Amino acid sequence: MGKGKKPATYEDIEALPVGWVGELLGDELVASPRPAMPHARVAWALSVLLGPVSDLGQQDPGGGWWILHEPELHLGRDVLVPDLAGWRRDRMPVPPFMDEPYSTVAPDWLCEVLSPATEAVDRKRKLPLYHREGVSHVWLIEPSVRSLEIYRRQERDWLLVAGYSGDGEIIAEPFDALPLTLGSLWWPRAGATRAQIPSP
């Protein structure tokens, strides 16, 4: 933030035009338009694929995770809106934010879907904040190249533990018990027939 510049506040987020998402990073307002369709597709499809390990799923009798789409996180002075976030139910049996518009409890896992407009912010500014708050895993998904990067928190920085691309089946931390078909995240390629489209 420039010298003498007034720190941004939540009122600056509320003043954004309809359809814009605002975040506060280091007292600076970072605003971005609503995601493009490939971005929205990935976020929706991933939430469906993770259904079996969510509180609605049958794979874990207790429902291993609370998973939310675009939750607003108030972490210290920062306000962040990841594409998806999950809290382990064994750590948080009852979410303390059920009746609140935002969470002050950092998630255990989150996912950012990258776009040309947001990639630098997601990688360079938000990843250090997630590390500071103790998030254990971060996924970065880039629809334009059909890739997934998985980061695990280490004491001082993030460790890239896996990188995937394409359409195959993967096992991905921290959801090791749930095989995921990567191709289910992407829009069908031009000219693909229905039989060639992966199903979740």
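The values are calculated or read from the model by the stated rules, or taken from the named source; none is laboratory data. Model, not experiment: these values are computed from the prediction. Don't worry about glycine lacking a Cβ; one is built from the backbone with ideal geometry, like all the others, and counts go over all protein chains shown.
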Checklist entry - Has region 121-139 got at least one residue that is basic (Lys, Arg) and assigned to a strand (DSSP E or B)? => result no
Item to check | Extreme residue, farthest from Trp44 (Cα to Cα), among residues of region 88-106 that are at pLDDT 95 or above and of a type in the set (Ser, Thr, Tyr) | outcome: Thr104
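For the structure I just gave you, tell me whether Pro71 is in contact (Cβ under 8 Å) with a residue 40 or more places away in the chain, surrounded by 13 or more Cβ atoms within 10 Å (Cβ to Cβ), of a type outside the set (A, V, I, L, M, F, W, C) and assigned to a loop (DSSP other than H, G, I, E, B).
Judged against the criteria, Pro71 is not a match.
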Next on the checklist: Restricting to region 178-187, give me the number of residues that are touching a strand residue (DSSP E or B) at 6+ places or on another chain (Cβ under 7 Å) and in a strand (DSSP E or B).
Outcome noted: 3
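Here's the yes/no breakdown for (1) over 20 Å from Lys126 (Cβ atoms); (2) out of contact with any Lys or Arg (no Cβ under 8 Å at 6 or more places or on another chain):
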| residue | (1), (2) |
| --- | --- |
| Lys5 | yes, yes |
| Tyr10 | no, yes |
| Val21 | no, no |
| Asp27 | no, no |
| Ala43 | no, yes |
| Val48 | yes, yes |
| Pro52 | yes, yes |
Next on the checklist: Here is a check on your reading of the model: is His39 more than 23 Å from Ile170 (Cβ to Cβ) and either at pLDDT 80 or above or assigned to a loop (DSSP other than H, G, I, E, B) (or both)?
Outcome noted: no
Checklist entry - Which of the residues spanning region 97-107 are surrounded by 11 or more Cβ atoms within 10 Å (Cβ to Cβ) and not in a strand (DSSP E or B)? => result Phe97, Glu100, Tyr102, Thr104, Val105, Ala106, Pro107
Checklist entry - If you check every pair at least six apart or on different chains, which have Cβ atoms under 7 Å apart with a residue in region 172-186 that is over 11 Å from Ile141 (Cβ atoms) and modelled with pLDDT of 95 or more first and a residue that is outside any helix (DSSP H, G or I) and of a type in the set (Phe, Trp, Tyr) second? => result Pro174/Trp109
Checklist entry - Quick one: would you say Leu16 is assigned to a loop (DSSP other than H, G, I, E, B), on the phi < 0 side of the Ramachandran plot and aliphatic (A, V, I, L, M)? => result yes
Checklist entry - Which of (1) surrounded by fewer than 18 Cβ atoms within 10 Å (Cβ to Cβ); (2) farther than 17 Å from Leu185 by Cα; (3) modelled with pLDDT of 85 or more does Glu14 not meet, given it meets every other one? => result (3)
Checklist entry - If you scan region 151-177, which residues turn out to be acidic (Asp, Glu), in contact with a strand residue (DSSP E or B) (Cβ under 6 Å, 6 or more places away or on another chain) and assigned to a strand (DSSP E or B)? => result Glu169
Checklist outcome for this item: Residues of region 121-148 being under 14 Å from the mean Cα position of the chain (by Cα) and farther than 25 Å from Arg91 by Cα, in sequence order, are Val121, Asp122, Arg123, Ile141, Glu142, Pro143, Leu148
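Yes or no, residue by residue, for (1) closer than 30 Å to Arg189 by Cα; (2) modelled with pLDDT of 95 or more; (3) buried (at least 20 other Cβ atoms within 10 Å of the Cβ):
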residue	(1), (2), (3)
Asp60	no, no, no
Gly64	no, no, yes
Pro82	yes, yes, yes
Gly86	yes, yes, yes
Pro116	yes, no, no
Tyr130	no, yes, yes
Checklist outcome for this item: Log entry, pairs with first residue in region 31-59 being in contact (Cβ under 8 Å) with a residue 24 or more places away in the chain and aliphatic (A, V, I, L, M), second being crowded, with 16+ Cβ neighbours inside 10 Å and assigned to a helix (DSSP H, G or I), beta carbons closer than 7 Å, six or more apart or on different chains, reads Val42/Pro143; Val42/Leu185; Ala45/Ser184; Ala45/Leu185; Leu46/Leu185; Leu49/Ser184
